[in-house]
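Here's the structure we're looking at; comments come further down.
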């Protein structure tokens, strides 16, 4: 869509050429200097040609983006469709510069003759809501006599999804509870992994009979197997604040960048294995996705992560939030643990007997953002005090039996999950 006020208007070049040509001819007639006519003749010819090619119809333009959804770091093209372009000779496009959006050409400006196609390439460099494709379009008639525009084309809002790292988990689930999946159960059932040989019972399948043992014992014996089950994974994303500087894909990451990308990687990792994943975001929007499986559920989780905005949850305190952690769920808390209320809520999940892992997304060397009117020394002192409080909270989590690991890619939680799986085989007391 374009600005309805855009019309063909004479250019300043046409006005100058006709004005200078008229003045020259007038002086030639007044002063009797025919040489002046020769001097202004080119301007007179160009002006006359511009008038002769006066446009007769108004063009219409429509911008079209090649993709409706992108992951950060991916790129697409925006093309301009021009209708009723018979009177158009040159098309000029200038796209506005937007934070975390790279353009090619870098200045976002192209000019080309009518009938050609010169798309502008755009690439969002960070997840979240991005306005893509805002530009101004101008057109020239032959001989630059008339100009159309510049007309403004509004931007398209796109929720850019966090990037994914395709990786299949190899760790055993600590507490598989469902009946669909690839994790070995502690219960006997239909599966492929051998469990034991036992006496035949009514209802056993004949193909399970072990004839060698049956002939030796004189009674029918069957082979039992372990069931293949899935697990439930609850992702708790702390988006109550952002720390550090974000430069987009390939640049410096803020704590919220690491958090969102880690949540996307863990969700994709377990959903690919047939497990059920739920998402709970601590933010003003309170984004939540219940337990689900499959590609459609992954797209839903990525869409919710793309809508995350930092800030405190509305209408409810962090300590009172119901995380909806199902029995047997693996809880992954992605938080820099700078909130005492969230640390207390995490300890309560541990005391319920749930396997809980805290993933620390705070990049090493993160410094606070200093406002222009604030004292840098005071800000540095306050940040160091917060880091001391954070160390105490992390120590309390470790004492409660909750492992805390820094994020180092999709394999971060695998070793912790193996330890948790071995720990579930040991006797333990659960609390409420």
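At a glance:
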item: Residue match in the range 42-61 (condition: within 23 Å of the chain's Cα centre (by Cα), surrounded by 14 or more Cβ atoms within 10 Å (Cβ to Cβ) and in contact (Cβ under 8 Å) with a residue 40 or more places away in the chain); result: no
item: Cβ pairs under 8 Å, 6+ apart, first in the range 209-224 and closer than 11 Å to residue 197 by Cα, second at pLDDT below 85 and in a helix (DSSP H, G or I); result: 222/208; 223/208; 224/208
item: Residues that are farther than 21 Å from residue 416 by Cα and at pLDDT below 85, drawn from the range 150-168; result: 164
item: Output for the range 111-138, where each listed residue is assigned to a strand (DSSP E or B) and surrounded by fewer than 16 Cβ atoms within 10 Å (Cβ to Cβ); result: 111, 112, 113, 121, 129, 131
item: Strands (runs of 3 or more DSSP E) contained entirely in the range 169-252, each with at least 1 residues that are touching a helix residue (DSSP H, G or I) at 6+ places or on another chain (Cβ under 7 Å), modelled with pLDDT of 85 or more and in the same structural domain as residue 297 (by TED's automatic domain parsing); result: 232-238
item: Residue that is surrounded by the fewest Cβ atoms within 10 Å (Cβ to Cβ), among those in the range 309-335 that are closer than 20 Å to residue 267 by Cβ and out of contact with any strand residue (DSSP E or B) (no Cβ under 6 Å at 6 or more places or on another chain); result: 324
item: Condition check for residue 269: over 15 Å from residue 161 (Cα atoms), surrounded by 19 or more Cβ atoms within 10 Å (Cβ to Cβ) and modelled with pLDDT under 95; result: yes
item: Filter pass, residue 262 being in the same structural domain as residue 326 (by TED's automatic domain parsing) and buried (at least 21 other Cβ atoms within 10 Å of the Cβ); result: yes
item: Count of residues meeting criterion [loosely packed, with under 13 Cβ neighbours inside 10 Å and closer than 23 Å to residue 52 by Cβ] in the range 24-33; result: 1
item: Failed item, numbered, when residue 6 is tested on (1) surrounded by 15 or more Cβ atoms within 10 Å (Cβ to Cβ); (2) modelled with pLDDT under 90; (3) more than 37 Å from the chain's Cα centre (by Cα); result: (3)
item: Search result, residues across the range 139-149 that are surrounded by 21 or more Cβ atoms within 10 Å (Cβ to Cβ) and not in a strand (DSSP E or B); result: 141, 145
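Each row is one residue, and each column tells you yes or no for (1) in a helix (DSSP H, G or I); (2) assigned by TED's automatic domain parsing to the domain that holds residue 351; (3) touching a residue at least 12 places away in the same chain (Cβ under 8 Å).
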residue	(1), (2), (3)
291	no, yes, yes
299	yes, yes, no
302	yes, yes, yes
305	yes, yes, yes
308	no, yes, yes
311	no, yes, yes
319	yes, yes, yes
328	no, yes, yes
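The values are calculated or read from the model by the stated rules, or taken from the named source; none is laboratory data. All of these numbers come straight from a predicted model, not from anything done at the bench. A quick note on method: Cβ atoms are made from the backbone with ideal geometry, for glycine too, and the neighbour counts reach across all protein chains shown.
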